[in-house]
Amino acid sequence: MTEPKKVKLGFFLTGSIVVAAAALLSFGWLAEEVLQSETQTFDDAVRAAIHRLASPAMTSAMQVFSFLGSGIFLVALSLLTIVIFLYIHRPRAAHLMGITMAGTVALDLVLKHAFHRGRPVPFFGTAPRSYSFPSGHAFGSLCFYGVLAGILSAHAPTPRARLFIWTCAALLVGLIGFSRIYLGVHYPSDVVGGYCAALVWVGAIGILNHVLNNRAG
């Protein structure tokens, strides 16, 4: 492995550790606040403010974004992505995506049952039967689209292309989280908690990728 590549991977490893540690601390603090109902005033105020933006067109758009972060869609898209990576001879990318999404599904179930927070009264449709904290849509979308963006940007030909990939991923993940609050099926703190939990897991995946790169080097 060349020296510049070693330096680049070292920075990536440090960044992954810092992001994961900061997200873990944030998630721990937020989870404690949720358990003590300290976020209720904030949650109610944000829900009310977002609900005032409601319109038929916006509701339809938010339902689409919500679907793009649903478990069924992300699992199906993950399997398709893994098959494509294997087909184009990118086995490491396929393995990382598989590990990412398998861990995402398992951690989402564990965390929801650990905190067993009830759902708010939805603004549109019916509330899912699962627990509310953390948001599985926020958690799963950041894990999938974030890791996919990382894999794609690593092979992007220009910095502008990398910026485009990351911008699209960030906007999509943000809109998916927003859609869950807009539809009323999650509290804002659920969505923030989902993002924090996802950053911990994505940071761990980044560390794993560093280890695999070292072995390959």
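The values are calculated or read from the model by the stated rules, or taken from the named source; none is laboratory data. Predicted, not measured: the structure shown is a model, and the values here were computed from it. So basically every Cβ, Gly included, is an ideal-geometry build from the backbone, and we count neighbours across all protein chains shown.
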Flagged in region 158-191 as buried (at least 23 other Cβ atoms within 10 Å of the Cβ) and either closer than 21 Å to VAL19 by Cβ or of a type in the set (D, E, K, R) (or both), in numbering order, are VAL173, ILE176, GLY177, ARG180, SER189, ASP190, VAL191
Can you run down the residue pairs with Cβ atoms below 6 Å, 6 or more apart or on separate chains, where the first is in region 152-164 and touching a residue at least 60 places away in the same chain (Cβ under 8 Å) and the partner is assigned to a helix (DSSP H, G or I)? none
Among (1) surrounded by fewer than 13 Cβ atoms within 10 Å (Cβ to Cβ); (2) polar (S, T, N, Q); (3) at negative phi - the single one SER37 does not satisfy: (3)
So which residues in region 64-100 are in contact with a Phe, Trp or Tyr (Cβ under 8 Å, 6 or more places away or on another chain) and within 20 Å of LEU175 (Cα to Cα)? PHE65, PHE67, PHE73, LEU74, LEU77, SER78
If you go through LEU68, LEU86, the only one that is within 15 Å of TYR145 (Cβ to Cβ) and modelled with pLDDT of 95 or more is LEU68
Any pair with Cβ under 7 angstrom, 6 or more apart, that starts in region 19-33 at a residue that is touching a residue at least 24 places away in the same chain (Cβ under 8 Å) and ends at one that is aromatic (Phe, Trp, Tyr): ALA31/PHE115
So, in region 115-129, exactly how many residues are surrounded by fewer than 12 Cβ atoms within 10 Å (Cβ to Cβ) and either among the small types (Gly, Ala, Ser) or touching a His at 6+ places or on another chain (Cβ under 7 Å) (or both)? 1
Identify the residue in region 99-132 that is part of a helix (DSSP H, G or I), in contact (Cβ under 8 Å) with a residue 24 or more places away in the chain and of a type in the set (A, V, I, L, M, F, W, C) and, among all such residues, is farthest from GLY184 (Cα to Cα). ILE99
Does HIS89 satisfy the condition of being assigned to a loop (DSSP other than H, G, I, E, B) and surrounded by fewer than 11 Cβ atoms within 10 Å (Cβ to Cβ)? yes
